[in-house]
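Heads up: the structure comes next, in structure tokens.
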Amino acid sequence: MKAFMELDANLKLRAFTVFLTVLLSSSIGPNMTFYYLKYFGSLWTGILLVIVSVAGFLGSLYGGHLADAWGRRPTMLVGAGLMITGYILATLANSPWLFQPGLTFFGFLIAMAGGSLADPADQAMMIDVSTPANRQFVFALIYWIVNIGVMFGAAIGGWFFRDYLFYLLLGMTFGAVINFLVIFLGMRETFTGQAKEQAKTVKQALRSYLTVLQDRRYTIFALGAVLSIVVYSQIDYYLPAHLTADFHTYWLWAQEIYGQRMLSLMMITNTALIIIFMGLINHYSTRWPLIFGFSVGQGLQGFGIALSFILGDFWPLILATLIWTLGEIIVVPAGQTIRADLMDPDRIGAYSGVFAVTRPIGTIIAGSMVSLSSLINKWGMAVIILIMTIAAIGLTVKAVNTPQKSK
């Protein structure tokens, strides 16, 4: 508690807005696929989800540029305003007076673009007001809060989404308004770089990102981050397919546990462990050298996920979950701190925007590996995951040890 109270006021407010945003988005976002399937069919649902992903990708890229061109706070306000607009449209489209699935999608598309636009500025502001001494604690705290929000949000969505969507959307709109007011009334601008850009065109944005890509250290780190995302994303991509095909049905307290339920139990176990043990484990792991902590965490996470691919029984899979969760708890704050340390302080927004690209690239590769799994089976998938884990560690170590280019 003392460490939290000593944080910058912006970080304290950021902790509140993160929890509120994640709580509300987790109650609706994951369930929207079912909504689209019901009203648009599987073909159009796939197309719509790709459109949303592309909007998020472009929003993150341009938002990173604007965070350095306008500043953090103005970019966050624009993003929050777009989110309010989108949620209002989605709420109206599912109200007692109007039902229009097409308008619902358009509203969520606007909200996604707004959230993606604001995210690099959010990340940049956290780096601006944290210090090398407390940065790892800050990232661990935010990650802990995110998991609490996801846990409660998923429970709310699972219980109320089908019958009370209008009221959930009202709550999301209200939460977005509160988020806007907190930024507008409570947060101050934190960007003090001397290289603040005035041009805000797409051409200037591309030039800004090309400058970042010339930073060899950061580019190597980003490549390692892509591999890390591929490894972790297999929990959402290949693991469900493996459990569906190979899990041996288990009875727990007179309840049948089959593949889909096993995946849910593994995710619940993961989230609960993060919430309970994040603070304790990071109390010790933050004392390690950053690259050592990253290597241990990434290694445990990759090994645990690979182990999950070759196991098919209840308790061994729970043990594998414990292993990759322990790795996740260690690697997330260490990796984010390394990322922050590698950035040019005057161009944190652009650096954050480039890093935002790693997630869609990683998830595309992870998704394609599900098709590959039909040719190489579960053992081949486990071996590939271990190779990618080792490569991710190697690239990150190389990035940290590469001499910094003089400005």
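Using a 1.4 angstrom probe on the protein heavy atoms only, could you order TYR35, TYR62, TYR284, TYR143 from most to least accessible area?
Working: TYR35 15, TYR62 70, TYR284 125, TYR143 45 Å².
The residues order as TYR284, TYR62, TYR143, TYR35, largest area first.
Which value in deg cm²/dmol, rounded to the nearest 500, describes the helix-derived mean residue ellipticity at 222 nm for the chain, given -39,500 (n - 2.57) per DSSP H run of n ≥ 4 and division by the residue count?
Helix contribution divided over all residues of the chain: -28500 deg cm²/dmol.
With a point put 7 Å past each Cα toward its Cβ, work out how far THR402 is from ILE310 in nm, to one decimal.
Using points 7 Å along Cα→Cβ, the separation is 3.3 nm.
I need the helices of the chain that pass two filters: whole DSSP H segments spanning 15 Å or more by Cα along the axis, and mean Kyte-Doolittle score no lower than 1.6. Please list the in-between numbers first.
Working: long enough: 9-28 (29 Å, 1.27); 32-69 (42 Å, 1.08); 72-92 (30 Å, 0.98); 101-129 (41 Å, 0.94); 135-160 (37 Å, 1.41); 165-186 (30 Å, 2.20); 202-213 (17 Å, 0.57); 216-233 (25 Å, 1.18); 259-285 (35 Å, 0.99); 290-310 (31 Å, 1.50); 314-342 (41 Å, 1.21); 348-401 (42 Å, 1.37).
Qualifying helices: 165-186.
Give the calculated FRET efficiency between ARG162 and ILE376 to the nearest 0.05, with a Förster radius of 51 Å applied to their Cβ-Cβ distance.
Calculated value: 0.85.
Considering the zone a paramagnetic label at ARG216 would reach in this model (a point 7 Å from Cα along the Cα-to-Cβ line), which residues of the range 370-400 have amide N under 18 Å from it?
394-400
Using a 1.4 angstrom probe, figure out how much accessible area the chain has per residue, in square angstrom, rounded to the nearest whole.
It amounts to 47 Å² per residue over the chain.
Using only the Cα atoms of the range 1-145, what do you get for the radius of gyration and for Dmax, in Å?
17.2, 54
At a threshold of 8 angstrom on Cα-Cα distance, excluding pairs fewer than six apart, so keeping six or more, what relative contact order does the chain reach in percent?
Reported as a whole number, the value is 25 percent.
On the full set of protein chains, 1.4 Å probe, figure out the accessible area of ILE281 and give it in Å² to the nearest 10.
Near enough 40 Å² of accessible area.
Multiplying the sequence separation of ILE276 and SER368 by 0.36 nm and subtracting their Cα-Cα distance, what value in nm do you get?
Values: separation 92, 0.36 × 92 = 33.12 nm, distance 3.41 nm.
The ILE276-SER368 span can extend by a further 29.7 nm.
Extent of the chain along each principal axis, from alpha carbon coordinates, in Å, largest to smallest?
The Cα atoms of the chain stretch 62, 60, 44 Å along their principal axes.
The values are calculated or read from the model by the stated rules, or taken from the named source; none is laboratory data. Model, not experiment: these values are computed from the prediction. Backbone-built Cβ (ideal geometry, glycine too); neighbour counts: all protein chains shown. Only protein heavy atoms, including side chains, enter the accessible area calculation; ligands, DNA and RNA are left aside. Shrake-Rupley method; radii C 1.70, N 1.55, O 1.52, S 1.80 Å.
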